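Undergrad: Below you'll find the structure I mean.
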Amino acid sequence: MRYGAAWLVVLTAALAAGGCTDSLVKMEVKVSPPQAAGHEVDIQAMIARAKAKVFPTLVYVKPIQEDYSAGKKRRVVLGGSGIIISADGYVVTNNHVAEKAVEIHCVLFDDTMVEATVIGTDKDTDLALLKLKVDPQRQFAFATLADSDKVEEGQFCMALGAPWGLKRSISLGVVSCAQRFLEGESEYSLWLQTDAAINPGNSGGPLVDTNGEVIGINTLGTFNGSTGFSIPSNTVRYVIAQLQAHKEVRRSWTGVRLQPLRDFDRDSFFEGERGVLVASVDPGSPAEQAGLEVGDLILTVGGEAVDGLYNENLPKIRAILGRLPTSQPTAFQLQRGGRPVAVNLTPREKGVVEGQDLDLKRWNLTVKAINEYNDPEMYYYDKEGVYVQGVQYPGNAQECGFHGNDIILKVDGKEVKSLKDVKELYDAILKDSGRKKRVPVEVLRNGMPQLLVLDYARDYDQTPQQKAETTKE
Amino acid sequence: MSRTAILLVVVILTALTTGTWAQAPASGSAAAAATSVAAVPSGAAATAARAEHRNHKLEMAKKAQTTAAEYLVRVATRWQKDQGEYPTIGSSGDETGNTDESGANSMESSVDGKRSTEKPALLLDPAAGLVLAPDGAVEPRFIEFIKGFTADGKEFPLKLFGFYLNTGGTLYQTDKWPGTPAPLPWVEGKVEPFSEAFETSLTRGRLGWEVSVEGASSGGELIQASDRPMPEELLTSFNRGNLIFDESARPLGFILEDYPNSVTGGRFPWRGTDLATAPVVKMADFEKAKPERIDRLGKYVYEIKIVYRQPEEGEENLQFEGDDRTSLTQYYYGYAVSPTQILVPVKLGKVFIQRIKQITVQVGEREVRFAFRGAYLNFGGFLIEFHDNQDRGFGLPQVLPLEGPALPEVNRAMLTYVAERKFGRRRDTVWYNRLAGYSKGYNDRLWPRPLNDMARGTLALTFDEKPLGLCLPERQPEREKKDGEGRYGANETVRLYRLSELAAALKNPQEHFDPTLKPASEQEEKRTVWLGVEYQAMSPELAAMLDDLAGGGQAQKLSRNGELGLRVTWVHKHSPAEKAGLASGDVLLEIREEGKDEPIELRPRGEDGGGYSGYVSRSRSRGGYYQGQGGRAGYLTGLLTRLGAGTKITLVYLHGQEKVSQPFTLEWAPYDNASANKFKDEKTGVTVKDLTYDVRALLRLADDQPGVIVSKTEDGQKAAVADISQGVIITEINGKPLKNVEDYEQAMTAIQQGKTGTAVMKLLWMGKNRMVKIEFP
């Protein structure tokens, strides 16, 4: 049984420490009115209703993904979940389920298998939109998205999906936290935390409330499945609309990194009730050009007040920054050293958030373009470059001393600035039958350059028969 | 024991010079010569004479053999060494590795740590039951048993009786001699020169022990009358333990010594008559005198306790010799060479010296503080000096005299004394030894070669206790420089130094000290010498590739197909390498030290030299920054540091297609991460270091980038909570940029000293900033 690709996130202490502090987080908290005495809640009935509404819209998503991590391009079969959100067969699932898929098949509720195409993906929020390949006339039952802002801790919820490949499973729990901040995973959105069992294979499936409406898309879980996290439906709504319209989510990038005024994980408490702190300004970024500095307090963005008191407030602010127009400047009101400062910032397009992959088959290694968002440590050393993603074992690159994460500086004495450069050089070298089968490659490893000799005289992919044939030639 | 097979082995060598050949005719013509050669020795007379001579010889040989069979015996000793004890049978060998040539005459074997030795011996005095064997006695305390065996295998017990004073012979005694032969009828008085002799020995052959006899001649004058074993001519094939007979099969002498003639390699026989009368030191007397000797000689020696400091983070543990290999408190024994100085006969490596924390000497009842003064360059010893300024009246009571008699002649016995630490306590040993000869060693120096190994620290004396020499580990400064030795190792060679040789070094120690061996501050200890390059090791593939790229270069030729050479991958700013124009891609080949003939080829061991490994972790989660291990631990740095700052060298390297020779005067490297100034901020729980050139290079920081780098974070303290981990750079505190650790210390002390204080730190990691606010208390 092939296990799905739900992210298993080992929760850090930060998570445990950052409690869902009702009294401190400034947002609306709904307190349910107490039930009138004598009114019984039929849980079973609630579940049955919800299930009846959503179950028919659940799909088991089986993508075949191209994976480059092991030094060669290979296909991996995954199992995940998805939910049909429109009558004509649009399916929402996670990005990590659908990304780099060469083929996707979905098993529907009526036990039919249908192929699906990827309309668009958003890595930052881990969402993807698929379209089932069916006759245009065919109509599907579809799920509705609830308003995730109205979700309360403690309310019942169900996770539907295919944990461990076990299709059409339901697990029951409560919403453990409705505003969960996860370090490193909460760029533009917070999470719903639940104790409904979420396991590998549940990725992309719905988190459903007692009304049968989708409040979240299940994405992350802990190793033993006891705690799970879902993308709130309001985030899903926004992203899916974008993907439907543009096949991607266009975001702006300012180059500013934020930190909250009160950080409980780091015991760092700055004074003030308003604004958000600038932690870092990327060199050469629009924020730097606009004159923002580390330590500034951003009070308003385009007239809108931004309050980053706690970590939980940051995703919303980042989302605001991500929606700023790139065609014109936006006014920022800051406070610096106690004095007000005003700057105008024109962000740029965020662009691609992950570099492309390439399999250099004959050399037995895979490379990836360095991307400032995906590979910040490598980007630090090489702003335009390519690095070794994986080295096949056994293989030519591995034997000649190549390691994963080596940044490729030069191939055959020529500088490499992009994946395209590498591909061109690779093709040209292989085509040149007159040359010796070895290439000098200069790499950057642990900050220091090294010259490696890539000897590819041996062809690892040829069967003995093929080898005999080529040598005859 | 096997039966004796009496084999007649008669080897009649050539070179009879009695002129029985026919003379060639005086005419010089070839034809005439041809004719004369064709004229073979003629005459039945000549043939008959030769035959008679041969028969006579055979008869004499047989007679010698028969006599020998009655008097030659074997002595077998079984003894056990303590762990690390040094007694071995036989000499220590010379530089070329030739050991004493005892041939088939003595055997040694080792079972379960016990050793058995068999030696050839002679029944010298049957009445007294005395058996004489070549020297090599084991100290009585090691002996398990001694047995004797006659030529036909009868066993009899033996005890150590004594040893000869002037030659290398040991006497054993038995009270159960099987049989009662008369003493050997030695030839007495002056001996006329003769041309042939017989040599008999008890050897191990294929059928067991057998008495063999060989005839030998030298073609010239032979044994002269002498009461000392120094005849003018030698017989070349004699071995130790052989009984020598003259032409008429009369017993002449016995070979005891080990001292070969340097030209012919033969040995000298002692006249039998002399053996009976030569002076002997009786073991019983020797043992009886031991306690008093130890008492007297022990006064030269002092027990020294050295406490070494704990290793710092990233430093290796020290490995010591002796009983307790890992304890940081070690004991040594040294000799007082002046009222305030003690010479410790131990070769300590650089790291050990630099980690000395405290030295105390047991003087009577007191433990007195001493200080390390220096270690000698040309031999393995170091000097410590009385340290306490308050005690003006202090003086070590008994001082080793630095002048004394010359070393005894070869084979004369001398007294030895040594104090060692065994099983947790001091153990003094008095024994004897002899010089077996002299041999050439390092730098062609002629060394006395003792018969038995002597431990370092052994004092050699005359029998009336006048000091002659001291055993010290040898030092080979040139070789150590090249190979990076000078380590505390068990493979050191111990040599016997005459006290007069040491006098100069002891009187003017400063001039004779090794300048590179001195205690230093922790920081200085870690300083290195640099050229300023990072490199990767050459390999055959790389050399071939470099030549391809150059379209036929010299890389393969000069690096000997990738066997040697360091390819430069980085040149540090403001370094000597940069100033001299070295660049990435240059291949460093060899270093020639000024004044030395042999160049040092650059051959790093292992894959990569230089640079850091794993400095920056690839972890994507927070933290995960990994500090380089111990700093600049590369091969080239080690070599340059051993050569020393100030040394003039010529660096030979390949620059493009050209071989370049560049002179350098080696300089100290600037402080690096391992030796950087640091400050431990206890209240915050973090240790910070200056941003040194290597960190700046690695992280591509601008020269004017302010900050200090975190080298250690204590668990659970404020810094750890604030997520300030190893590798993070603290650039500002409360808005003020930090230039160095002094700035950090100043800022934090001011904040922490107040009743309450706040530090707002600006952090930098991989190009990203962050602010933290830390409150005190």
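Undergrad: All but one of (1) modelled with pLDDT of 95 or more; (2) crowded, with 19+ Cβ neighbours inside 10 Å hold for residue A:64; state the number of the condition that does not hold.
TA: Here residue A:64 clears every test but (2).
Undergrad: While we're looking at this one, here's another question. Yes or no: residue B:731 at pLDDT 95 or above and within 27 Å of residue A:260 (Cβ to Cβ)? Steps first, please.
TA: Values: at pLDDT 95 or above: yes; within 27 Å of residue A:260 (Cβ to Cβ): yes.
Taking the combined requirement at face value, the residue satisfies it.
Undergrad: Of all residues in segment B:354-381, count the ones that are touching a residue at least 40 places away in the same chain (Cβ under 8 Å) and under 26 Å from residue B:425 (Cβ atoms).
TA: Of segment B:354-381, the ones touching a residue at least 40 places away in the same chain (Cβ under 8 Å) are B:354-363, B:367, B:370, B:372-381.
When the remaining residues are screened for being under 26 Å from residue B:425 (Cβ atoms), the result is B:355-363, B:367, B:370, B:372, B:380-381.
Number of matching residues: 14.
Undergrad: Let me ask something else about it. Answer yes or no: is there a residue in segment B:531-540 that is more than 13 Å from chain A (Cβ to nearest Cβ), more than 21 Å from residue A:399 (Cβ to Cβ) and in contact (Cβ under 8 Å) with a residue 12 or more places away in the chain. Spell out the reasoning first.
TA: Residues of segment B:531-540 more than 13 Å from chain A (Cβ to nearest Cβ): B:531-532.
Checking which are more than 21 Å from residue A:399 (Cβ to Cβ) leaves us with B:531-532.
The next check asks that each one be in contact (Cβ under 8 Å) with a residue 12 or more places away in the chain; those that pass are B:531-532.
Yes, the conditions are met somewhere in segment B:531-540.
Undergrad: Now a separate question. For segment B:297-311, does any single residue satisfy the condition of being touching a strand residue (DSSP E or B) at 6+ places or on another chain (Cβ under 7 Å), part of a strand (DSSP E or B) and of a type in the set (D, E, K, R)?
TA: Looking only at segment B:297-311, we keep the residues that are touching a strand residue (DSSP E or B) at 6+ places or on another chain (Cβ under 7 Å), and these are B:297-298, B:300-309.
In the following step, the residues that additionally are part of a strand (DSSP E or B) were identified as B:301-308.
This time we only want the ones that are of a type in the set (D, E, K, R), so: B:303, B:305.
Yes.
Undergrad: Going by the structure shown, is residue A:424 within 12 Å of chain B (Cβ to nearest Cβ), acidic (Asp, Glu) and not in a loop (DSSP other than H, G, I, E, B)? Break it down stepwise before answering.
TA: Values: within 12 Å of chain B (Cβ to nearest Cβ): no; acidic (Asp, Glu): yes; not in a loop (DSSP other than H, G, I, E, B): yes.
So residue A:424 fails the test.
Undergrad: Which of the strands (runs of 3 or more DSSP E) contained wholly in segment A:100-156 include at least 3 residues that are surrounded by fewer than 20 Cβ atoms within 10 Å (Cβ to Cβ) and of a type in the set (A, V, I, L, M, F, W, C)? Spell out the reasoning first.
TA: Details: elements: A:101-107, A:113-122, A:127-132.
Passing ranges, in order: A:113-122.
Residues checked against (1) surrounded by fewer than 18 Cβ atoms within 10 Å (Cβ to Cβ); (2) under 19 Å from the mean Cα position of the chain (by Cα):
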position: B:349; (1), (2): yes, yes
position: B:359; (1), (2): no, no
position: B:370; (1), (2): no, no
position: B:386; (1), (2): no, no
position: B:393; (1), (2): yes, no
position: B:400; (1), (2): no, no
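Undergrad: Do you know which residues across segment A:159-170 are part of a strand (DSSP E or B) and surrounded by fewer than 24 Cβ atoms within 10 Å (Cβ to Cβ)? It would help to see each step written out before you state the result.
TA: Narrowing segment A:159-170 to residues part of a strand (DSSP E or B): A:159-161, A:169-170.
Within segment A:159-170, A:169, A:170 meet the criteria.
Undergrad: Report whether or not residue A:405 is in contact (Cβ under 8 Å) with a residue 24 or more places away in the chain and either farther than 25 Å from residue B:585 by Cβ or not assigned by TED's automatic domain parsing to the domain that holds residue A:74 (or both).
TA: Working: in contact (Cβ under 8 Å) with a residue 24 or more places away in the chain: yes; either farther than 25 Å from residue B:585 by Cβ or not assigned by TED's automatic domain parsing to the domain that holds residue A:74 (or both): yes.
So residue A:405 fits the description; yes.
Undergrad: Quick one: which of A:278, A:367, A:352 is closer than 30 Å to residue A:407 by Cβ, within 14 Å of chain B (Cβ to nearest Cβ) and β-branched (Val, Ile, Thr)? Steps first, answer last, please.
TA: Details: A:367 fails: within 14 Å of chain B (Cβ to nearest Cβ); A:352 fails: within 14 Å of chain B (Cβ to nearest Cβ).
Step by step, each of A:278, A:367, A:352 is checked, and only A:278 is closer than 30 Å to residue A:407 by Cβ, within 14 Å of chain B (Cβ to nearest Cβ) and β-branched (Val, Ile, Thr).
Undergrad: What are the pairs with Cβ atoms under 9 angstrom where one residue, in segment B:391-407, is part of a loop (DSSP other than H, G, I, E, B) and the other, located anywhere, is surrounded by fewer than 15 Cβ atoms within 10 Å (Cβ to Cβ) and modelled with pLDDT under 80? Sequence gap at least six, or different chains.
TA: Close Cβ pairs satisfying both conditions: B:394/B:388.
Undergrad: Another question, then. If we keep just the residues of segment B:749-772 that are charged (D, E, K, R) and surrounded by fewer than 18 Cβ atoms within 10 Å (Cβ to Cβ), which is farthest from the other protein chains (Cβ to nearest Cβ)? Write out each step before concluding.
TA: At the first step, the residues of segment B:749-772 found to be charged (D, E, K, R) are B:755, B:762, B:768, B:770.
From what's left, surrounded by fewer than 18 Cβ atoms within 10 Å (Cβ to Cβ): B:755, B:768.
Working: B:755: 18, B:768: 5 Å.
If we take residues in segment B:749-772 being charged (D, E, K, R) and surrounded by fewer than 18 Cβ atoms within 10 Å (Cβ to Cβ), then B:755 is farthest from the other protein chains (Cβ to nearest Cβ).
Undergrad: Scan segment A:285-307 and tell me whether some residue there is crowded, with 17+ Cβ neighbours inside 10 Å, charged (D, E, K, R) and assigned by TED's automatic domain parsing to the domain that holds residue A:273.
TA: yes
Undergrad: Could you please give the count of residues in segment B:554-593 that are within 13 Å of another protein chain (Cβ to nearest Cβ) and not in a helix (DSSP H, G or I)?
TA: Final tally of qualifying residues: 14.
Undergrad: Here are the criteria: (1) within 10 Å of another protein chain (Cβ to nearest Cβ); (2) free of Cβ contacts under 8 Å to residues at least 60 places away in the same chain; (3) out of contact with any Asp or Glu (no Cβ under 8 Å at 6 or more places or on another chain). Tell me which single one residue B:713 does not satisfy.
TA: Every listed condition holds for residue B:713 apart from (1).
Undergrad: Right, here's the next one. Give just the number: which of (1) free of Cβ contacts under 8 Å to residues at least 12 places away in the same chain; (2) among the polar types (S, T, N, Q); (3) within 13 Å of another protein chain (Cβ to nearest Cβ) does residue B:746 not satisfy?
TA: Checking residue B:746 against (1) free of Cβ contacts under 8 Å to residues at least 12 places away in the same chain; (2) among the polar types (S, T, N, Q); (3) within 13 Å of another protein chain (Cβ to nearest Cβ), the one that fails is (3).
Undergrad: Are any residues in segment A:427-439 under 20 Å from residue A:392 (Cβ atoms) and within 13 Å of another protein chain (Cβ to nearest Cβ), and if so, which ones? Walk me through how you get there before you give the answer.
TA: So in segment A:427-439, the residues under 20 Å from residue A:392 (Cβ atoms) come out as A:427, A:429-430, A:437-439.
Those that are under 20 Å from residue A:392 (Cβ atoms) and within 13 Å of another protein chain (Cβ to nearest Cβ): A:437, A:438, A:439.
The values are calculated or read from the model by the stated rules, or taken from the named source; none is laboratory data. Predicted, not measured: the structure shown is a model, and the values here were computed from it. Ideal geometry is used to build each Cβ from the backbone, glycine not excepted, and the neighbour counts take in all protein chains shown.
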